[in-house]
Amino acid sequence: MRAESIEELLAGAPSGERRVVGRLISIVERDGDGAEEIAEWAHARSGRAHIVGITGAPGAGKSTLVGGLLAVWAKAGRRPAVLAVDPTSPLTGGAILGDRVRMDSVATGAFVRSMATRGHRGGLALAVPGAVRVLDAAGFDPVVVETTGVGQVEVDIVGAADTTVLVVAAGWGDAVQASKAGLLEVADLFVVNKADRHGAHDARRDLDLMLDLGRVSGHEDRRGHRPEIVMTTSTTGHGVEGVASAIDEHRRHLVESGERARAYHRRIALEVRDRAQALLVTRVAKLLSSEDGRVALDAAERRAMTPAAAARAVAARIIAAPDRTSPEHDRS
Ligand SMILES: Nc1nc2c(ncn2[C@@H]2O[C@H](COP(=O)(O)OP(=O)(O)OP(=O)(O)O)[C@@H](O)[C@H]2O)c(=O)[nH]1
Ligand SMILES: [Mg+2]
């Protein structure tokens, strides 16, 4: 890490130089030396970028769509960045898809990076907001987060974006799956991709119906905004400009209605909660392997204490003790 100091990296970041920005994100991801300083720098400068979450079933065409969007934005003189979360699809291995977006990024000057779901201290839920903030602070806008809409963590991550785009592929019954995963509620914009295939109009009608049903039963989408549905054939680029305009349109709606501030509020609340929980989880694990923890465990084993009472004793130790076991203090 002695090649460049944190100060030098931070000084270079506003130019959006990919290598510098990539280094900063790596340090934040690893929570290594300097991570706190970078996080402070980024947080103070963030808030300008429009954060776009793109999700949908494996193979729906998210990466192809993102590649098309990069081209549209580059033409408009914008400087987009993409975080592709867990591109290692069990079906495809991910490498090919990652490469596709990377090729698009070279052509468009965008910053593209993939993040694996494993190996992050504190998990993906913490790694993604940290990386998004670095990109925002470095002047990238929009910042896209692509995830496969399969797990709750992924849904939470894209749901925390300013604009959440759900991609469904024509003819796969994707709309019904997405509905089950709770994705209809968090989406601000729907894309029916693979419109060149049979069933595209059925997919659109299914979505329309489900949105109507949601409205009838009182589940207006979370932002009081009827989501638009855009048809695309991402492989040819057909309809992709429509997606870009719908994203801009939603951004305007957010700003004008005051929802952008509320989305920010929600994001911060979610992140502080997740980080606080992660800190406590770490401290519980440490305490349980310490002498005090062993005493409590032993008492519960001997039936001198109920497990509940042992847990209360452990929690009380954590509350009473100075916080010397948090990641901030043992990073070394
Ligand atoms: N016919 C057709 N094929 C498409 C279209 N868009 C994408 N594809 C193809 O669908 C496959 C999957 O596309 P991706 O963009 O990698 O899908 P993804 O949603 O990013 O997939 P994961 O990241 O694995 O979840 C590729 O073979 C694409 O070429 C489209 O509009 N029409
Ligand atoms: Mg993909």
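Over the stretch 258-332, the Kirkwood radius and the radius of gyration, each from Cα atoms, give a ratio Rg/Rh of 1.18.
Protein-only accessible surface at a 1.4 angstrom probe places the residues His250, His43, His198, His265 in the order His198, His265, His43, His250, largest first. By the rule of a C-alpha distance below 24 Å, with chain neighbours fewer than 8 residues away ignored, the lysines paired with Lys180 are Lys62, Lys194.
In the stretch 1-83, Rg over Rh equals 1.04, where Rg is the alpha-carbon radius of gyration and Rh the Kirkwood radius from pairwise Cα distances.
Amide H contacts of Arg79 (H built 1.01 Å from N, in plane; Pro and chain starts excluded): Asp141 sit under 5 Å, all sequence-distant by 5 or more or on other chains.
Note that the stretch 242-248 has calculated 3J(HN,Hα) couplings of x, 5, 4, 5, 5, 5, 4 Hz, one per residue in order, obtained from phi through the Karplus relation 6.51 cos²θ - 1.76 cosθ + 1.60 (θ = phi - 60°); glycine and proline are x.
Which value, in Å², gives the accessible area per residue of the stretch 258-332 when a 1.4 Å probe is used on the protein heavy atoms?
So the stretch 258-332 comes to 69 Å² accessible per residue, rounded to a whole number.
The values are calculated or read from the model by the stated rules, or taken from the named source; none is laboratory data. Quick caveat: nothing in here was measured; it's all calculated off a predicted structure. SASA here: full protein model, heavy atoms, side chains in, ligands and nucleic acids out. Shrake-Rupley method; radii C 1.70, N 1.55, O 1.52, S 1.80 Å.
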